[in-house]
Each structure stands twice: as C-alpha cells, then as structure tokens.
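Worksheet: the structure to be examined is printed underneath.
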Amino acid sequence: MVRKPPMEDVGDRDLAVGPPKRSAAGIPGVAAGLAAGLREMGVRRTALTLARVNQVDGFDCPGCAWPEPAPRGDSHASSRRGHAEFCENGAKAVADEATLRRITREFFATHAIADLAQRSGYWLGQQGRLTEPMVRRAGGTHYEPIGWDEAFALIADHLRRINPNEAIFYTSGRTSNEAAFLWQLLARAYGTNNLPDCSNMCHESSGVALSETIGIGKGSVTLDDIHAAKLLVVVGQNPGTNHPRMLTALERAKRDGAVIVAVNPLPEAGLIRFKNPQTVRGVLGTGTPLADHYLQIRVGGDMALFQAIGSLLVAWDAVDRSFVDSLTEGYAEYAAAVSKLDWSAVERATGLPREEIETVARLFAESSATVVCWAMGLTQQRESVATIQEIVNVQLLRGMIGKRGAGLCPVRGHSNVQGDRTMGIYERPPAWAPKLGEVFGFTVPMEPGYATVDAIRAMRDGRAHVFLGLGGNFAAATPDTAVTEAALQRCRLTVHIATKLNRSHVLPGTESLILPCLGRTEVDRQASGEQFVTVEDSMSVVHASRGRLEPASPELLSEVSIVARLGRALLGDTLPWAQFEADYRTIRARIAEIVPGFADFEARVSQPGGFVLPHPPRDSRSFATPSGRARFTVHPLTVIDVPPGRLLLQSIRSHDQYNTTIYGLDDRYRGVRGGRRVVFVNPDDLAALGIADGSMVDLVSEWTDGVRRAEGFRVVAYPTAKGCAATYFPEANVLVPLDSVAAGSRTPTSKQIIVRLEPAG
Ligand SMILES: Nc1nc2c(c(=O)[nH]1)N[C@H]1C(S)=C(S)[C@@H](COP(=O)(O)OP(=O)(O)OC[C@H]3O[C@@H](n4cnc5c(=O)[nH]c(N)nc54)[C@H](O)[C@@H]3O)O[C@H]1N2
Ligand SMILES: Nc1nc2c(c(=O)[nH]1)N[C@H]1C(S)=C(S)[C@@H](COP(=O)(O)OP(=O)(O)OC[C@H]3O[C@@H](n4cnc5c(=O)[nH]c(N)nc54)[C@H](O)[C@@H]3O)O[C@H]1N2
Ligand SMILES: [Mo]
C-alpha cells in the first residue's frame with residue numbers, strides 16, 4: 001500500500017519566478033528571520049528565544065554546525081561573539097521548533113494515517129509540535145495515545161523477539177552527545193552495530209577521504225584560520241542559505257585582504273555579495289563583494305579542476321619541498337601522474353577554459369595561507385572521495401596543513417553531526433570499542449552493521465524488522481523514495497523519536513510509535529535538577545547547550561530520558577540507565593573515561609565557549625596513517641559522459657527549508673516564490689532541447705532496472721553551468737536508485753543524476 005509522495009505544489013498557480021538576487025542577507029534576511037519567529041512564537045517568545053541562540057548560557061542553534069566566535073570577554077580571541085549570534089535561517093529553525101502550534105490526540109483521531117500520507121511534508125510540519133506518545137496498533141487506521149511505559153515495553157518486546165542484527169538504530173545529526181552516546185551504547189549492548197546516520201548521506205565522503213590521507217576524518221581548521229586566510233576557496237557549498245554565519249567570517253577575511261574563489265555551477269547570491277546585517281555598511285550600503293573569482297564549473301568537474309591545479313603547481317615548482325619531503329608520502333607517483341594530465345579531458349569535465357584554471361592555480365601558488373572549504377556539492381558525487389583527496393593533494397603540495405590561516409574545511413551540516421560520530425554513531429565498532437566493553441562489562445559486537453543504504457536494502461528484503469529513528473526523516477532524506485517507503489512499511493515495528501510530525505511517521509510498519517521529545521530550546525529537568533547537553537561544531541569545539549523555554553507539553557521526555565528508559569526496559573539494570581537519566585554528568589563521566597580527547601570533560605565543558613578536541617594534523621602536523629605521513633593519492637581523471645538530450649541534474653536546498661523540513665515555498669535568492677517543483681536549466685540547453693522557459697516537464701532518470709520519474713516541474717531558465725540542471729531535495733530523491741552511490745563512502749549521488757526532461761503528461 002505504498003502511495004506516491006504528495007505533489008500538492010504541481011502547477012501551483014501561485015508559483016512565480018523573478019530574477020535571482022546578486023547579494024545575500026542584509027535587512028531582508030533579518031526581517032525574514034524575525035517574521036518567521038513572530039508568526040510561530042509571538043513577540044515575547046521570539047525576543048526571549050533569539051537572545052539565547054549560541055550564547056554561552058544559552059542553547060546551540062539547531063541550524064547548522066558553523067562554529068561560534070569566542071565568548072565576549074575572551075581578550076585573546078581573534079573575534080568576539082556578537083549579542084545576536086544567529087542568522088535568518090537559524091531564526092527559522094528556532095521558530096520551527098519553538099512554535100506555539102500543537103498536535104494533540106484529537107488531531108490524530110481526526111486524521112487517518114492514510115489521509116496524512118496524502119499530505120505534503122510542508123503541511124505535516126506546519127501542524128506544530130508533537131505532544132504525547134502515539135501508537136499505531138496492528139491493523140489500526142489511526143494513531144492513538146499510549147503511555148510511555150507501555151511504549152517502551154512494546155519496543156523491548158519486539159527487540160527481544162528478533163536477532164539484534166535485524167534492528168536498525170538510525171540517528172539524525174541534531175542529537176546531543178549525551179543522547180548519542182547512550183544510543184550507541186544501547187544498540188551495542190543489545191548486540192548490533194546497525195547505526196546508520198544522516199552522515200551517510202552527508203559528509204561521509206569527507207570522512208573517508210580525510211581519514212585515508214591525513215589520518216583523521218575531520219577538518220583541520222579553526223575559525224581563526226578562516227579569519228587569517230589569504231586565499232579562501234569555497235567549493236560546492238551555498239553558505240548564504242545553509243551556513244549564513246560563515247559569510248561574516250568570509251567578509252572579515254576579505255577585509256583583511258583575503259582573496260575568495262567560489263567554485264559552483266550555480267551563481268549563488270551569498271557568494272557574490274554579502275550585506276552583513278550587523279554592520280552599518282551591510283544595512284545601509286551595498287555590502288561586501290565576496291568572490292573575486294567565480295568558477296562556474298560543470299557538475300562533477302571538481303576532481304579534474306583540482307588535478308589540473310596540482311599539475312600546474314608541480315609544473316611551476318610551486319611546491320613546499322620541506323613539508324612534502326619530511327611529512328608526506330607518495331609525492332613522486334603523484335607528480336608523475338599529474339605531469340601526464342590530459343587538458344582536453346579537464347576542459348570537458350569542468351567546462352572551464354584552461355586560462356581560468358591557470359588564474360586560480362596562480363592564486364594557490366602565491367598564497368601563503370590557503371583554506372579550502374566544501375560541502376554537499378562535492379560529497380554527493382560518484383567520485384566524491386577521489387575529488388576530496390585531490391583537494392588534499394593540492395593542500396599538501398603547498399604545505400597548507402597545521403599552519404595558521406590554512407587547512408582543509410569540510411563544512412558540516414547538522415548542528416551535532418560531527419559530535420554524534422565522535423560519540424560512536426557509526427556502523428562499525430569505534431576504535432574505543434574494547435574500552436566501551438570493559439567499562440560496561442559486555443562484549444561489543446565487532447561485525448560491521450548497516451549504513452543507510454544497506455539498512456534500506458535489509459528492510460526491503462525482510463532482513464531487518466524493527467526501525468528506530470532518533471530524530472530525522474528517514475523516508476524523505478534517503479534515495480529511491482518508492483523503495484524506501486515500501487521498506488519502512490514492511491517492518492514489524494517503526495519507532496520515531498521526534499519533535500515534529502514528518503513523512504516517515506505516516507508510513508508506519510505493522511506497529512508504529514511516535515515518541516515526542518524536547519527540543520534544543522527547551523528546559524530539561526531531571527531528578528538531579530536542570531540539565532544541559534553538549535555538542536561539537538564543525539571545527540571540533542565541544543560546548544554546552546541549555547534550553548530555556550517551557551517544554552511544548554508536560555508529556556515530553558528528553559532524548560536522553562527516552563533512550564535511557566528504553567535501555568532499562570530492554571536490558572534491565574545491568575547498566576546504570578536510571579542514573580544516566582537522573583544526572584547527565586554521569587554520562588559525561590563515562591564519555592570522559594572512554595572516548596579519547598574527553599578527559600576532564602565536565603570541567604572543560606563548563607568553561608565559557610567549551611574546549612577544542614585534539615586534531616593531530618592541525619595541532620602538530622602529525623598524521624595517524626600507517627606510515628605516520630600524510631598521503632598523496634592518485635586517481636584516474638573521470639569525465640562524466642552525458643548522452644545526447646540529457647542533463648546532469650543536482651538536488652539542492654531552497655532558502656526556505658531545513659533538509660526535509662520545509663519552512664515555506666520561497667527561494668528568495670534564486671527568485672522563486674510560492675512553489676518548489678521547479679527545475680533550473682541553462683537557457684542555451686533549453687534552446688537546444690526545444691523546451692520553453694516556464695513549460696511543465698517530468699524529470700526522468702534511466703537505469704538498467706528501468707526509469708524513475710519525478711512528475712510536474714516548471715522549467716526555469718537560469719544561469720547554471722551548461723549541460724547542468726538543478727532541482728530541490730527531497731522532491732528529487734525518487735530519481736536516485738539505491739545502487740547509485742559514491743565509490744568508497746556509499747553516499748547517494750544526490751548531486752549527480754543524469755536526466756531527460758519530458759513534457760509533463
Ligand atoms: N537553512 C539551512 N541550513 C542548512 C541546511 C538546510 O537545509 N537549510 N542543511 C544543513 C545540512 S544537513 C547540510 S549537509 C548543509 C548543506 O549545505 P550545502 O552543501 O551548501 O547545501 P546544498 O543546497 O546541498 O548546496 C550544495 C551547493 O553545491 C553546489 N554544487 C552542486 N554540485 C556541484 C559540483 O559538482 N561541484 C561544485 N563545485 N558545486 C556543486 C550547488 O550548486 C550548491 O550551491 O547545510 C546545513 N545547513
Ligand atoms: N537528494 C538529496 N537528498 C539528501 C540531501 C541532498 O542534498 N539531496 N542531503 C542529505 C543530507 S546532507 C542530510 S544531513 C540528510 C538529512 O536527513 P535527516 O537528518 O534524517 O533529516 P532532517 O530533515 O534533518 O530531519 C528532520 C526531522 O527531525 C526531527 N527533529 C528536529 N529536531 C529534533 C530534535 O531535537 N530531536 C529529535 N529527536 N528530532 C528532531 C523532526 O521531526 C524533523 O521532521 O538528507 C540527505 N538527503
Ligand atoms: Mo547534511
């Protein structure tokens with residue numbers, strides 16, 4: 001009984017398209033953020049909440065993982081935290097959670113699950129916060145209330161009846177360190193490493209690429225490095241929408257003389273010009289132009305671009321010899337490979353003329369401090385791992401690791417996605433698995449579990465029967481929508497720990513639970529008093545987060561409580577679940593004992609601003625690779641061949657969404673209003689294909705097992721790179737089969753889908 005995802009925006013009469021913007025933020029940004037707050041929360045709550053975002057005594061913004069500047073009063077820091085340390089989209093994220101709208105049991109009594117499955121994700125999210133645990137019993141048509149204890153007993157009963165490897169413990173990256181640590185403890189003590197997470201669809205490629213070459217899967221820069229950089233290269237990232245506070249850092253570096261290069265098929269407003277709403281110049285003036293050079297690269301061309309840059313650096317002998325000789329391996333093979341570079345292949349892959357690449361390579365050659373930042377434009381490609389490793393090669397050539405103002409900077413998405421990995425949310429046993437087993441007295445399973453795509457296959461094929469999601473929206477975030485939705489519904493039990501209703505909840509297994517939890521903004525009171533939780537940002541800074549608002553409902557439990565009570569129901573008091581729930585310091589004490597870098601956790605995280613985790617390449621130029629050296633790697637250059645009449649489609653975020661949470665139907669910077677089913681195509685391609693701007697098309701991707709189709713998109717002539725197209729996620733996910741994943745990281749290729757446009761039927 002799989003239904004097609006709803007498409008209420010098809011041919012939406014309200015959809016309007018205007019010219020894209022040439023700058024980001026400024027007053028319209030602040031106004032949009034405040035308007036979202038006022039709409040959802042009212043005046044008092046908006047003021048109260050926004051004043052606490054990212055402040056030392058406040059909560060971590062549930063928006064993105066961009067770091068906060070040092071606390072006010074820290075005289076050593078290169079920048080100080082502002083009184084308003086949030087952005088338009090952070091304000092929207094907060095408003096979405098702190099909304100005054102509520103979903104009650106009457107709502108579920110009124111709306112059958114089958115009806116809810118016909119609603120859009122936008123509509124589901126608009127209904128407000130979940131307020132009490134709900135169950136769908138076998139054969140039931142509606143969700144109905146259930147007590148917490150009965151809910152935990154039901155889950156424990158299901159889990160006891162299966163082999164532990166037939167259960168899936170999914171995590172989304174908003175989960176705190178404390179909840180994540182307990183979640184992996186629960187899964188592993190129960191007996192499985194089936195811990196897929198949103199990272200499998202996000203920065204997995206970065207983690208793999210960096211671990212293999214520099215010995216640690218995290219970025220090597222601090223915020224100070226961004227400020228101190230002389231050359232900043234932003235590749236495959238749209239910070240104006242997804243990391244708006246990063247623009248402040250770019251602006252600052254630029255004022256100090258940094259050169260900024262953007263590499264992106266789309267001309268993204270935030271990379272072109274920034275009007276900082278916190279400065280007079282940003283509010284009254286024209287703002288700061290950001291990118292000095294804008295390489296409008298073809299989708300998937302970055303591997304060729306960085307090989308070409310590396311090749312030129314070697315040819316020009318612009319190599320940091322002492323760094324390369326003393327700290328790296330594989331240089332000779334690399335230099336030999338790039339000396340044979342096929343420039344015609346580079347030009348076909350990138351769509352860029354050689355002179356443009358040479359100009360940018362010259363900047364690399366002349367810069368004494370270079371940071372390369374990247375996000376989903378690089379990680380969701382078939383050759384993502386190799387592409388990121390080509391960036392590593394270029395940075396190694398120039399000795400740009402472990403040096404002020406220089407480094408590798410994968411910009412993370414979810415606010416604690418990096419911390420969740422540090423806490424052991426991973427489908428393989430963490431390096432500290434033996435210690436985990438020793439401290440808690442059980443044998444940690446060593447057999448690898450399922451990452452996201454394999455978890456879908458296991459549910460589809462009847463090899464997994466229970467799905468538990470700690471946050472997130474598995475059905476909408478993953479690829480091959482029809483397959484994934486059927487897979488979830490094939491489960492005997494699906495369990496969703498969530499703040500808001502989403503599509504995954506309305507595709508229940510035979511039995512299904514929705515367990516409502518506290519959000520970041522809310523006070524967390526336990527037996528020992530008010531608790532805080534901790535998170536790790538994109539630059540390995542760990543700090544505390546304290547919510548202040550009264551919870552959306554007295555029935556809510558914190559994520560920690562939910563996991564601890566489930567642990568107790570399933571495994572009994574063999575582990576100190578009750579103590580963990582009562583006092584989160586006892587969880588942090590165990591983390592300090594088990595996870596490297598967390599010694600003295602409680603004291604250090606109680607400092608304003610928290611503390612920075614060790615990062616050997618950044619701190620001391622040491623590399624935990626087998627040889628102890630950073631590794632150059634060689635990859636055959638790939639050119640993506642697109643058959644005639646087809647386009648290379650990527651799926652992106654609009655300015656009015658947070659992943660699968662849709663705040664509104666506008667994409668202000670790209671000039672789209674009132675609808676989401678649009679596809680951006682270069683006007684020359686439209687002419688060649690004989691398709692008119694504004695016409696309605698289906699997007700069709702062709703695979704050996706048949707075609708996949710996303711119906712009813714309005715064509716928007718847009719200055720994207722030639723041969724390329726773009727549309728929004730999650731609407732595009734239906735086009736990507738489970739088998740289409742990045743080599744080495746198995747991340748779905750959400751940014752590399754060959755499609756043809758067919759007149760809508
Ligand atoms: N407001 C808001 N903030 C968010 C999110 C959100 O949805 N809304 N999501 C959060 C999460 S989980 C994440 S992971 C991040 C995502 O942050 P981003 O990675 O910035 O998000 P995307 O919209 O996927 O944008 C990818 C960018 O890569 C470009 N691109 C696509 N293909 C290629 C390519 O082949 N080469 C190059 N060079 N560029 C390419 C696209 O044109 C686009 O500008 O943001 C986080 N922050
Ligand atoms: N085609 C395509 N697909 C993609 C991407 C893409 O660019 N293109 N991007 C991928 C990326 S980068 C990511 S990170 C994934 C995102 O995948 P997920 O992390 O699974 O999805 P989200 O949309 O972030 O999850 C939103 C839901 O989380 C719940 N939630 C919000 N706050 C909390 C909280 O504090 N606690 C709990 N327990 N629940 C909460 C709410 O119920 C909300 O509906 O999607 C991936 N999918
Ligand atoms: Mo992400």
Which condition number does A477 fail, the rest of (1) away from ligand 3 (no atom under 16 Å from the Cβ); (2) touching a residue at least 40 places away in the same chain (Cβ under 8 Å) being met?
-> (1)
Being open to solvent by 10 Å² or more (accessible area, probe 1.4 Å), in contact with a Gly (Cβ under 6 Å, 6 or more places away or on another chain) and either within 15 Å of ligand 3 (Cβ to nearest atom) or not aliphatic (A, V, I, L, M) (or both), is that true of even one residue in segment 231-249?
-> yes
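For every residue, the table says whether it meets (1) near ligand 1 (Cβ under 10 Å from one of its atoms); (2) within 24 Å of V741 (Cβ to Cβ); (3) outside the structural domain of I214 (by TED's automatic domain parsing).
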site: Q381; (1), (2), (3): yes, yes, no
site: Q389; (1), (2), (3): no, yes, no
site: V392; (1), (2), (3): no, yes, no
site: L397; (1), (2), (3): no, no, no
site: R404; (1), (2), (3): no, no, no
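Of all the helices (runs of 4 or more DSSP H) wholly in segment 306-408, which have at least 3 residues that are hydroxyl-bearing (S, T, Y) and more than 19 Å from I216 (Cα to Cα)? Write out each step before concluding.
Values: elements: 321-327, 331-339, 343-350, 354-366, 376-379, 384-397.
Qualifying helices (runs of 4 or more DSSP H): 331-339.
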Hits in segment 524-543 - residues which are open to solvent by less than 10 Å² (accessible area, probe 1.4 Å) and of a type in the set (A, V, I, L, M, F, W, C) | V535, M539, V542
Failed item, numbered, when F580 is tested on (1) of a type outside the set (S, T, Y); (2) open to solvent by less than 60 Å² (accessible area, probe 1.4 Å); (3) within 28 Å of the chain's Cα centre (by Cα) = (3)
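Residue check: is E447 open to solvent by 10 Å² or more (accessible area, probe 1.4 Å) and not in a loop (DSSP other than H, G, I, E, B)?
On the way: open to solvent by 10 Å² or more (accessible area, probe 1.4 Å): yes; not in a loop (DSSP other than H, G, I, E, B): no.
In short, no.
Here is a list: L159, L182. Which entry is open to solvent by less than 10 Å² (accessible area, probe 1.4 Å) and more than 22 Å from P62 (Cα to Cα)?
Values: L182 fails: more than 22 Å from P62 (Cα to Cα).
The unique qualifying residue is L159.
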Does T286 meet the test of being away from ligand 2 (no atom under 16 Å from the Cβ), open to solvent by 20 Å² or more (accessible area, probe 1.4 Å) and part of a helix (DSSP H, G or I)?
-> no
Within segment 617-666, can you find the residues that are within 19 Å of P748 (Cα to Cα) and not in a loop (DSSP other than H, G, I, E, B)?
-> L647, L648, L649, Q650, S651, I652, Y658
Which condition does W123 not pass, out of (1) within 24 Å of the chain's Cα centre (by Cα); (2) surrounded by fewer than 15 Cβ atoms within 10 Å (Cβ to Cβ); (3) within 22 Å of F580 (Cβ to Cβ), if it passes all the others?
-> (3)
Here is a list of conditions, (1) modelled with pLDDT of 95 or more; (2) within 16 Å of ligand 2 (Cβ to nearest atom), and E106 meets all of them except one; can you say which number that is?
-> (2)
Scan (1) open to solvent by less than 10 Å² (accessible area, probe 1.4 Å); (2) touching a helix residue (DSSP H, G or I) at 6+ places or on another chain (Cβ under 7 Å); (3) more than 20 Å from L159 (Cα to Cα) for the single condition T452 breaks and write down its number.
-> (3)
Is it the case that some residue within segment 666-688 is over 19 Å from G18 (Cα atoms), aromatic (F, W, Y) and buried (at least 21 other Cβ atoms within 10 Å of the Cβ)?
-> no
Picking from N200, N165, N193, N177, the residue that is away from ligand 2 (no atom under 16 Å from the Cβ) and within 22 Å of the chain's Cα centre (by Cα) would be N193
Got at least one residue in segment 421-428 being under 25 Å from the mean Cα position of the chain (by Cα), among the hydroxyl-bearing types (S, T, Y) and more than 16 Å from ligand 2 (Cβ to nearest atom)?
-> yes
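The values are calculated or read from the model by the stated rules, or taken from the named source; none is laboratory data. Worth saying up front: this structure is predicted, and the values here are computed from it rather than measured. Glycine also receives a Cβ, built like all others from the backbone with ideal geometry; neighbour counts cover every protein chain displayed. Areas reflect the complete protein model, heavy atoms only, side chains present, ligands, DNA and RNA absent. Shrake-Rupley method; radii C 1.70, N 1.55, O 1.52, S 1.80 Å.
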